[in-house]
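Contents: one structure, followed by commentary.
Nothing in this text is a laboratory measurement; each read-out follows from the coordinates by a stated rule. Note that the structure is a prediction, hence the values are computed from the model and not measured. In this analysis, Cβ positions are derived from the backbone assuming ideal geometry, glycine residues included, and neighbour counts consider all displayed protein chains.
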Amino acid sequence: MVHRPDLVKAERDFMNADSAPLDQRIAQLFRVVGLDFGVIDFALSDKGEIIVFELNSTFQISGSIPPKYRDAGVISKPTTARLWRPCLA
C-alpha cells in the first residue's frame, strides 16, 4: 500500500471520517455473534455494504510490518484515536 498514494489517502480519509453510522452497524455484527470486544477485518462494497473477512475475539499488534514502513505514528495514532473516540464522547 505504501506505493499507492491513492490507497494511503483513502485509508487516512476513512480513519478521520465520522464513524457513528458505521460504528453502529459493526456493533450490531458483534452483538449477533455474541462478542462485546474484538476486532473485525472488513471492507465496504461500492454500495456501502460491510464485507466481513474475519471477526476475532482477541487481537494483537505484531511486528508483521516491515521495519522501513513501521509506524512513526502513521498507523498507531489514528488507530488509537479511533479506539478511544467512543470512550471520550
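R0 = 22 Å: FRET efficiency of D36 with T79, Cβ-based, nearest 0.05? The computed FRET efficiency comes out at 0.65. For the stretch 36-49, putting each phi into the Karplus relation 6.51 cos²θ - 1.76 cosθ + 1.60 with θ = phi - 60° gives couplings of 10, 7, x, 10, 10, 9, 8, 9, 10, 6, 4, 8, x, 6 Hz, in residue order, rounded to whole numbers and with x for Gly and Pro.
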